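Notes for the one structure printed next.
The values are calculated or read from the model by the stated rules, or taken from the named source; none is laboratory data. Quick caveat: nothing in here was measured; it's all calculated off a predicted structure. Backbone-built Cβ (ideal geometry, glycine too); neighbour counts: all protein chains shown. Side chains are part of the model used for accessible areas, which takes the heavy atoms of the whole protein and leaves out ligands, DNA and RNA. Shrake-Rupley method; radii C 1.70, N 1.55, O 1.52, S 1.80 Å.
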Amino acid sequence: QLLCDTLWNGMVEVPNGIQWKVYGDMYISEHPAPIYNPELAKEELKKSKYNGEVLDYRVLKDYYTGELDTAQACIEMWKAVGINVEIQVCENWSQVNAPDANGIRTYDMRNTSHNGLFPDPAAALWRTYKPTYDATRYNNWNAPDFHAQGEILASSLDQAKRRAAFKKMLEIWDENPPAVLLYSNAV
């Protein structure tokens with residue numbers, strides 16, 4: 001919320017999960033928004049395999065408005081809970097997505113946008129996080145239940161079944177997210 005209030009002067013909002021209100025009847029209004037809880041983050045970090053190693057955060061200085069300011073604010077929030085992140089400002093997407101010395105495409109952290117071609121979760125969430133998406137192909141995001149629900153979302157003509165599948169996808173996402181949606185974009 002602090003990012004929304006300060007960097008965007010309140011013009012954007014923290015969404016209720018990785019969804020947009022333009023989904024109409026498909027929007028799951030009761031789905032909770034992500035929370036900012038540094039103490040919980042510290043507890044979860046202790047349970048993880050993270051050992052304080054530096055995580056690279058590759059950003060473009062102008063992929064979206066306020067990108068570098070947002071990245072710097074996030075770095076400070078991560079630092080406060082014990083996550084060691086360094087920004088690498090890149091000139092282009094080839095640098096952001098560059099492989100390491102072993103030819104492995106690195107995915108510590110990077111920015112992206114989550115948009116849709118039409119106002120439905122199949123045009124946004126499913127299109128960008130289906131099995132052929134980078135998070136699954138390159139980042140080892142293993143989410144077979146999410147993908148099974150996505151197939152229902154993408155293929156069913158029954159709106160009630162589609163909505164139930166989408167709701168389940170949001171819940172699965174919250175348990176095992178390949179990305180973090182910070183706020184809606186005013187641009």
Q) Which condition number in (1) aliphatic (A, V, I, L, M); (2) without any contact (Cβ under 8 Å) to a residue 40 or more places away in the chain; (3) in a loop (DSSP other than H, G, I, E, B) is the one that VAL14 fails? A) (2)
(Q) Can you pull out every residue in region 38-64 that is within 17 Å of the chain's Cα centre (by Cα) and either loosely packed, with under 12 Cβ neighbours inside 10 Å or part of a loop (DSSP other than H, G, I, E, B) (or both)? (A) TYR63, TYR64
Q | Cβ pairs under 7 Å, 6+ apart, first in region 154-176 and within 13 Å of GLN19 (Cβ to Cβ) and at pLDDT below 95, second in a loop (DSSP other than H, G, I, E, B) and not basic (Lys, Arg) | A | TRP173/GLY17; TRP173/ILE18; ASP174/GLY17
**Q.** In region 37-53, the residues that are free of Cβ contacts under 8 Å to residues at least 40 places away in the same chain and not hydrophobic (A, V, I, L, M, F, W, C)
**A.** ASN37, GLU39, GLU43, GLU44, LYS46, LYS47, SER48, LYS49, TYR50, ASN51, GLY52, GLU53
Q: Sort through TRP20, TRP8 and tell me the only one that's closer than 22 Å to LYS161 by Cβ and open to solvent by less than 70 Å² (accessible area, probe 1.4 Å).
A: TRP20
(Q) Just to be sure I understand, how many residues within region 144-187 are among the hydroxyl-bearing types (Ser, Thr, Tyr) and open to solvent by 60 Å² or more (accessible area, probe 1.4 Å)? (A) 1
Q.
Looking for something under 23 Å from GLU13 (Cβ atoms) and of a type outside the set (Val, Ile, Thr) - is there at least one such residue anywhere in region 40-56?
A. yes
Q. Among (1) more than 16 Å from the chain's Cα centre (by Cα); (2) surrounded by fewer than 12 Cβ atoms within 10 Å (Cβ to Cβ), which single condition is PRO32 missing?
A. (1)
Q: Please go through region 58-97 and pick out each residue that is of a type in the set (Lys, Arg) and closer than 20 Å to LEU181 by Cβ.
A: ARG58
**Q.** Number of the condition not met by ALA80 [criteria: (1) under 28 Å from ARG137 (Cα atoms); (2) exposed (fewer than 12 other Cβ atoms within 10 Å of the Cβ)]
**A.** (1)
